[in-house]
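Inspection log for the structure reproduced underneath, given as structure tokens.
What follows is calculated from the coordinates using simple rules that are stated; it is not laboratory data. Everything numeric here is computed off the predicted structure, so don't read it as measured data. Glycine gets a Cβ as well: all are built from the backbone with ideal geometry, and neighbour counts include every protein chain shown.
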Amino acid sequence: MISGLMKLILANPRGFCAGVYMAIDVVDQLLDICPGEPIYVYHEIVHNTHVVGRFRDRGVQFVESIDDVPEGAIVVFSAHGVSPAVRQQARDRRLTAIDATCPLVTKVHAEAIRYSRKGFQILLVGHRNHQEVVGTRGEAPDSIQVVESPADIPGLRIEDPEKLIYLTQTTLSTDDAGVIIRALKEAFPSIKEPPASDICYATTNRQEAVRALGPKSDLVIVVGSRNSSNSVRLTEISENVGTRAVLVDDASEMQDAWLHDVETVLLTAGASAPDDLIRGVIEWIAARHQLTVEQHDVRHEDVEFGLPGTLKEVMRSRGIDPTGRRVVREDCGVRNASWFSDHAIPFSTVDLTIGASSGH
Ligand code: SF4
């Protein structure tokens, strides 16, 4: 039964970021250029159960240890990056290693290497067991200590407070990171900041959209997997601005009770959540409520990353010219009125620009 008129605000930006497009592109390209060859990916290529499941269905094997990759096979390092020890293990097994690490994660690795060589101690703000933090820490294990919260500060071993820098995981909540960084500055007034914010543009922009649009909504729905750091952070940002939030992997997890007495719902998605899952949630709501859909643009994004050099080398070694080889981005179609009419969803577009465009 279709009930009550509801407004759905689609946060923009939402969903896939440049690093996720690139990482998925890498595996897609390998499937294309190495038909019939086993392809291994070290850890989930991105933190989304559907992305991983779809690749698994196409024969890709995900491993948690390099020892599980047969000698000489192809292995892809995920978007979250790996430590030098993992790279060495891959060399020892004579693997063809393709590096799908997001360049913005690589940037943090490079900062860690640079400052540890200069004799700095590094305080890495992030989640100790997240693959990205494990990888970054591995670049300079003797120089890096992980700080998960201000409560960790008294336990830090600091040799020279004048030679101290903090770096951060790329997908932190800007709210939480701000609290930790303020506490670090209070404890160590001379602590150096990273040359540019380590929290990436995609994380920052998706959180900014929720911060701006959450207060206009009764409920925020975040599409993303539970192990996706940036997706979970979106729910936290929403709670911080006083709007209840739920995290769903896909429409099958939606619950009628959540929409009880809800007039306006904000829909967003973590950086690793595919567009079709977002559409699925819109369709789920539209099947139950009279819906108007508005996309609100908070930031403009035009970041793109090229294919990694390691993949281009493999292409050339197989006589394939890597020039122009990119997977075409599928548009979610939310701006396309015909998609809404096809799906019987009343479409009203209010491209309300709240913030200035930013060309990160
Ligand atoms: S969320 Fe940020 S750091 Fe992570 S893959 Fe996307 S752009 Fe890169």
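With N set to the number of residues, divide the alpha-carbon radius of gyration of segment 20-102 by 2.2 N^0.38 Å and report two decimals.
Scaled against compact globular proteins, the figure is 0.98.
Give the shape of segment 197-283 as rounded, prolate or oblate, defined through the alpha-carbon gyration tensor: a ≥ b ≥ c are the square roots of its eigenvalues, a/c under 1.5 means rounded, and otherwise the shape is prolate if a/b is larger than b/c and oblate if not.
oblate
Using only Cα positions of segment 235-301, each an equal point scatterer, no hydration layer, compute I(q)/I(0) via Debye at q = 0.18 Å⁻¹ and quote the log10 values to two decimals.
-0.78
Calculate the FRET efficiency for HIS260 and SER65 from the Cβ-Cβ distance with a Förster distance of 45 Å, rounded to the nearest 0.05.
0.45
Estimate the FRET efficiency between GLU283 and ARG244 by the formula 1/(1 + (r/R0)^6), using the beta-carbon distance for r and 30 Å for R0, to the nearest 0.05.
E(calc), rounded to 0.05, equals 0.85.
Along the charge dipole of segment 64-151, pointing to its positive end and built from +1/-1 on Cβ of Lys, Arg, Asp and Glu, which listed residue (THR136, VAL76, ALA90) has its Cα farthest out?
Checked the options; the winner is THR136.
Suppose each label sits 7 Å from its Cα in the direction of the beta carbon; what would the VAL303-ASP175 distance come out to in nanometres?
The modelled label-to-label distance comes out at 2.2 nm.
Report the Stokes-Einstein translational diffusion coefficient (µm² s⁻¹, integer) for the chain, Rh taken as the Kirkwood radius over Cα pairs, at 37 °C with viscosity 0.692 mPa s.
Rounded, D is 151 µm²/s.
Name all residues of segment 64-105 having a backbone nitrogen under 15 Å from the label point set 7 Å from the Cα of ARG318 along its Cα→Cβ direction, giving them as ranges.
Under 15 Å, as judged by backbone N against the label point of ARG318, lie 73-76, 96-99 of segment 64-105.
What FRET efficiency comes out for the pair ASP57/GLN145, r = Cβ-Cβ distance, R0 = 41 Å, nearest 0.05?
According to the calculation, E is roughly 0.50.
Between segment 1-39 and segment 112-189, how many Å separate their Cα centres?
Using only Cα atoms to place each centre, the spacing works out to 31 Å.
Cα-based count: Lys pairs in the chain below 27 Å, eight or more positions apart or different chains?
11
Let me know the charge dipole size of the chain about its Cα centre in debye, to the nearest 20, where only the beta-carbon of Lys, Arg (+1) and Asp, Glu (-1) is charged.
Its charge dipole is roughly 740 debye.
Excluding ALA271 itself, calculate the net charge of residues whose Cβ lies under 11 Å from the Cβ of ALA271, where each Lys or Arg counts +1 and each Asp or Glu counts -1.
+2
Once you have the alpha carbon radius of gyration of segment 104-187, what is it after dividing by 2.2 N^0.38 Å, with N set to its residue count?
After normalising by residue count via 2.2 N^0.38 Å, the value is 0.99.
Measure off 7 Å from each Cα along the Cα-to-Cβ vector at ARG93 and ASP32, then give the distance between these two points in nanometres to one decimal.
Taking the simple label geometry, ARG93 and ASP32 are separated by 2.7 nm.
Which net charge results for the neighbourhood of LEU184, defined as the other residues with beta-carbon distances under 14 angstrom from its beta-carbon, given Lys and Arg at +1 and Asp and Glu at -1?
Around LEU184, the charge tally is -3.
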